[in-house]
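The values are calculated or read from the model by the stated rules, or taken from the named source; none is laboratory data. Only a predicted model underlies this, so the values are computations on that prediction, with no experimental measurement involved. Methodologically, a virtual Cβ is constructed for each residue, glycine included, from the backbone with ideal geometry; neighbour enumeration extends over all protein chains shown. Calculation scope for accessible area: heavy atoms of the full protein, side chains included, ligands and nucleic acids excluded. Shrake-Rupley method; radii C 1.70, N 1.55, O 1.52, S 1.80 Å.
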Amino acid sequence: MGDNVILVGFMGAGKSSVGRLLARRLGRCFVETDDMITAHEGRSIPDIFAERGEAHFRALEEETVRLLALKSGDVIATGGGLPCRDGRPDALRAIGTVVWLRGDFDAVYERAQRAGARPMLAGRGRDEIEALYRAREPYYRQAELTVDTTGITPDQVVSKLLLLLRDRSLLSPLGRGQGEGRS
Ligand code: S3P
């Protein structure tokens, strides 16, 4: 298994803020699959959806997963839909320790609405988004570790996650202790 830490979860789960903090605490690089895609395409995620459609975006995610296999020792935040394809949870597990940032739907929905331009939310009502969340849960649930983020700050999520990773000896020597104490 690869030695990356891979964060999965619904839009608004806090993958970006938690990932950035975790990487800093461990002295590792932080990578976002959405950033890999926008850098490759030279345009924003909303523009990719608007100009090429969701199917094209999903094909770019597929390619991104192949590129992730080349990474080592990184903290990786995935887009909310990336793990939710048949075979994808296994592909991610081969690349690193997969962590589901789980949150109550209401909390996650509220955060997702607040931050960022998210084409998957556009034109969909709350019930539709909740149905999408429920349909994706079985994929997220295949993560090796789950951290419940409801009602706690990203800093607290990172602390919980570090405990879990250490308890299970899931940090490679690269990450162990290095960078600790930095804020
Ligand atoms: C998506 C989530 C987004 C981004 C794209 C599609 C989804 O990432 O990948 O807009 O299908 O849930 P975040 O989870 O970081 O918002």
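If you roll a 1.4 Å probe over the range 12-155 with all protein chains in place, what percent of the accessible area is carbon or sulfur?
That share works out to 49 percent.
So what's the range 54-147 giving for Cα Rg divided by 2.2 N^0.38 Å, two decimals?
That ratio works out to 1.12.
With charges set only on the Cβ (+1 for Lys and Arg, -1 for Asp and Glu), what does the dipole of the range 24-100 come to about its Cα centre, in debye to the nearest 20?
400
If one computes the Cα centroid of the range 104-148 and of the range 12-50, what distance in Å separates the two points?
17
Based on Cα coordinates alone, diagonalise the gyration tensor for the chain, multiply each eigenvalue by 5, take square roots, and list the semi-axes in whole Å, largest first.
So the equivalent ellipsoid measures 25, 19, 15 Å along its semi-axes.
Using +1 at the Cβ of each Lys and Arg and -1 at the Cβ of each Asp and Glu in the range 1-70, identify which of Leu21, Gly2, Thr64 lies farthest towards the dipole's positive end.
Result: Leu21.
Karplus couplings for the range 103-120 from phi (6.51 cos²θ - 1.76 cosθ + 1.60, θ = phi - 60°), rounded to Hz, Gly and Pro as x?
Taking θ as phi minus 60°, the curve returns x, 4, 3, 4, 5, 5, 4, 4, 5, 5, 5, 6, 10, x, 8, 10, x, 5 Hz for the range 103-120.
List the residues, sorted by chain then number, that are 5 or more residues from Val8 or on another chain and whose placed amide H is less than 5 Å from its amide H.
Answer set, sorted by chain and number: Val99, Trp100, Leu101.
Quick one: 3J(HN,Hα) in Hz for the range 148-161, Karplus 6.51/-1.76/1.60 with θ = phi - 60°, rounded, Gly and Pro as x.
Per residue, the Karplus-derived 3J(HN,Hα) values read 7, 9, 4, x, 10, 7, x, 4, 5, 4, 4, 4, 4, 5 Hz.
Could you sort the peptides 154-161, 25-32 by per-residue average Cβ neighbour count (10 Å cutoff), highest mean leading?
The packing order, highest mean first, is 25-32, 154-161.
How much area per residue is accessible in the range 68-149 when the probe is 1.4 Å and only protein heavy atoms are counted (Å²)?
Accessible area per residue, the range 68-149: 45 Å².
Nothing charged except the Cβ atoms of Lys and Arg (+1) and of Asp and Glu (-1): what's the magnitude of the dipole of the chain about its Cα centre? Round to the nearest 20 debye.
In total the dipole reaches around 500 debye.
Could you give me the ³J(HN,Hα) list for the range 133-143, computed from phi with Karplus coefficients 6.51, -1.76, 1.60 and θ = phi - 60°, whole Hz, x at Gly and Pro?
4, 5, 5, 8, 3, x, 6, 4, 4, 7, 4
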